[in-house]
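The next block holds one structure in the form of structure tokens; read it before the comments.
The values are calculated or read from the model by the stated rules, or taken from the named source; none is laboratory data. Remember, it's a predicted structure, so these values are computed and weren't measured experimentally. Every residue, glycine among them, receives a Cβ derived from its backbone with ideal geometry; neighbour counts consider all protein chains shown. What goes into the accessible areas is simple: the full protein's heavy atoms, side chains included, and nothing from ligands, DNA or RNA. Shrake-Rupley method; radii C 1.70, N 1.55, O 1.52, S 1.80 Å.
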Amino acid sequence: AQDLVLENHAQRVKAYAHKNGLELSIEPYDMNPAGDLDLGAVADVPMAEFWNKDVDSAYSVFEATSIGHVMGKAIVSAESFTSGGALDAYPWSLKNQGDWAFCVGINRFVFHTFAHQALGDAYKPGIAFGPYGVHWHRNQTWWPLVSAYHRYITRCSELLRQGVTVSDVLYLTPEGAPHIFLPPPSALEGSGVLADKKGYGFDGCSPKILMARAEVKDGLITFPEGSSYRMMVLPQVETMTPALLAKIRDMVKAGATIVGTPPVKSPSLSGYPACDEEVKNLAKDLWGSLEASTTATKRSYGKGAIHWGGELSPANQATLYPNYDQTAALLKEMGVKEDFTATGPVRYGHRRTNDQDIYFVSNRTGAPIKADCRFRVGQGSAHLWDPVTGEQRPLLQFERADDLTVIPMEFDAFQSFFV
């Protein structure tokens, strides 16, 4: 059923769009029978949705940005600032949430909603999109002043489309459908609609995408357009098809680092019952055993390694992935420092081109702050770009140590910069 939806619905719509000179965008979340990541992967432009009020759909942003990163899409859109129809939204009230979306990986805002005002100036506030929308149109009292905010959005979006995202952890979702990608809550700072990634960034990946696109180069799990990951975390499920398990075995043999518990049977009737025995044999070969140790264990295999046991193999089957702290500790043991940390409440996003590291940093609070910001960059000169004014200037005060650049920074309320 999943393949039929992907091939006979999504792919057909995409082909029809291309025939007519159009691109296809898909918001794949919310009761999708084909699996969110796989349906979204068909799109030319993956898309999410986040509400300014009323609804927590933040996970769709993590899904869409993950799709964009593993599929090599330069643009990831979001239906942005959807709400229940209140007229009290204005650019400043949206800035903090917009910066959150930028840091997660959104780089095109599609405002919900710009309603055509066909009745003229005599009728205000004018036509609305039913009971919903942030009312982004010329009848708003602040509309004559909105150009500065639009320039801000444009500058941020353009810079956040350069190069590829920088993330360290790839979370594999289970096989089958329907499935959504929910990152472990422990990998997020805070909760709800403004939950930020911690110091090690992550993306989700479906088995279909992994099978078709992932390779291992220099110990990194890589995708054709350049996104790469230091570690892949398997879902805590007891089933896996022989083909997927063989792919994972070959990745470890080539140098990948994997965290996960061995499967014990296939979820499919294809090749049954021999498929179950094949899964057990592959798992024993890779893990060395099917019984998890009470302590975390590293097993070298080929050029790579697999980590499991103890807290890395939660006894609670409802826990799909191990706690973030456990995977973070493994990355530190591998010599991988956190991508970004700060001594204050600063969120971040990170992209890399052939010759630049581009960080977007944002004050999460409505009060001025000072913070030492630590960037995982050990060379080059640092420049500050202000997306509100367009000002660019060198940052002359910084320290270098252990391949990190530490910069003392000052932020006004909800202020953001590019470094």
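Keeping every protein chain in place, order 160, 4 by accessible area at 1.4 Å, biggest value first, i.e. largest first. List each step's numbers first, then the result.
Details: 160 10, 4 105 Å².
The ordering from most to least exposed comes out as 4, 160.
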| message | Rounded to the nearest 10 Å², what accessible area does residue 79 have for a 1.4 Å probe in the complete protein model? | response | 30
| field | Cβ-based charge dipole, the chain, positive-most Cα from 382, 349, 186 | value | 382
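Report the net charge of residues surrounding residue 320, where surrounding means a beta-carbon distance below 14 angstrom and charges are Lys +1, Arg +1, Asp -1, Glu -1.
Numbers: positive: none; negative: 175, 238.
Once positives and negatives cancel, what remains is -2.
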| remark: For the range 75-159, the charge dipole (Cβ of Lys, Arg +1; Cβ of Asp, Glu -1; about the Cα centre) points to a positive end, and the Cα of 140, 102, 159 closest to that extreme belongs to 159
| In the range 128-198, the trypsin sites (Lys or Arg not before Pro) that fall in loop regions by DSSP, at most 16 other Cβ within 10 Å | 138, 161
| remark: Residue-ordered couplings for the range 386-391, obtained by feeding phi - 60° into the Karplus form 6.51 cos²θ - 1.76 cosθ + 1.60 and rounding to whole Hz (Gly and Pro as x), are 9, x, 7, 9, x, 5
| request: Evaluate 2.2 N^0.38 Å with N set to the residue count of the chain, then give the Cα radius of gyration divided by it. | output: 1.04
| query | Just how large is the dipole of the chain about the Cα centre, in debye to the nearest 20, putting +1 at every Lys and Arg Cβ and -1 at every Asp and Glu Cβ? | reply | 560
| message | Using the Cα centre of the range 64-201 as the reference point, and only Cβ charges (+1 on K/R, -1 on D/E), how large is the resulting charge dipole? Debye, rounded to the nearest 20. | response | 340
| remark: In Å, the C-alpha Rg and Dmax of the range 72-187 are 17.7, 56
| query | To the nearest 0.05, what FRET efficiency results for residue 138 and residue 218 with a Förster distance of 60 Å applied to their C-beta separation? | reply | 0.70
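Based on the Cα atoms of the range 29-121, what semi-axes does the equivalent ellipsoid have, where each is the square root of 5 times one gyration tensor eigenvalue, given in whole Å with the largest first?
Values: eigenvalues 129, 42, 35 Å².
Each semi-axis is the square root of five times an eigenvalue, giving 25, 15, 13 Å.
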| Which residues' amide hydrogens lie under 5 Å from the amide hydrogen of residue 26, considering only partners 5 or more residues apart or on another chain, with H built in the peptide plane? | 45, 47
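Using r as the Cβ-Cβ distance of residue 161 and residue 300, and R0 as 45 Å, what FRET efficiency do you calculate, to the nearest 0.05? Intermediate values should be presented prior to the final figure.
Working: r = 39 Å, r/R0 = 0.87.
Once the sixth-power term is evaluated, E becomes 0.70.
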| said: Can you give me the solvent accessible area of residue 150 with a 1.4 Å probe, rounded to the nearest 10 Å²? | reply: 60
| field | Burial ranking of peptide ranges 234-242, 280-288 (average Cβ count within 10 Å, highest at the top) | value | 234-242, 280-288
| said: With a 1.4 Å probe and all protein chains left in place, how much of the accessible area of the range 25-111 comes from carbon and sulfur atoms, in whole percent? | reply: 57
| query | Cβ under 14 Å from residue 54's Cβ, residue 54 left aside: what net charge do those residues give with Lys, Arg +1 and Asp, Glu -1? | reply | -3
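For a 20 Å ceiling on Cα separation, which of these pairs sit above it: 337/370; 253/332; 14/53; 198/337; 198/298; 298/332?
Numbers: 337/370 23 Å; 253/332 22 Å; 14/53 32 Å; 198/337 12 Å; 198/298 24 Å; 298/332 14 Å.
Where the Cα-Cα span goes over 20 Å, the pairs concerned are 337/370; 253/332; 14/53; 198/298.
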| query | For the chain, what does -39500 (n - 2.57) per DSSP helix run (n ≥ 4), summed and divided by total residues, give at 222 nm, in deg cm²/dmol to the nearest 500? | reply | -7500 deg cm²/dmol
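Given +1 on the Cβ of Lys and Arg, -1 on the Cβ of Asp and Glu, and no further charges, what dipole in debye does the range 148-217 carry about its Cα centre, rounded to the nearest 20? Write out the running numbers ahead of the final one.
Values: 8 positive and 7 negative charges, 53 e Å.
Once rounded to the nearest 20, the dipole reads 260 debye.
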| residue 275 accessible area, assembled protein chains, probe 1.4 Å, Å² | 0
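How large is the accessible surface per residue of the chain, computed with a 1.4 Å probe and reported in Å² as a whole number?
Per-residue value: 46 Å².
Among the GluC sites (Glu not before Pro) within the range 281-367, which fall in a DSSP loop and have no more than 15 other Cβ atoms within 10 Å of their own Cβ? If you can, show how the numbers build up before the last one.
Numbers: sites: 291, 311, 333, 338; in loops: 291, 338.
Passing both the DSSP loop test and the Cβ count: 291.
Pulled fully out, how much extra length does the chain show between residue 325 and residue 410, if you take 0.36 nm times their separation in residues and subtract their Cα-Cα distance? Walk me through the numbers before you get to the answer.
Working: separation 85, 0.36 × 85 = 30.60 nm, distance 2.89 nm.
Extra length available between residue 325 and residue 410 comes to 27.7 nm.
Would you rank 189, 399, 27 by solvent-accessible area, highest first, keeping every protein chain in place and using a 1.4 Å probe?
Solvent-accessible surface, decreasing: 399, 189, 27.
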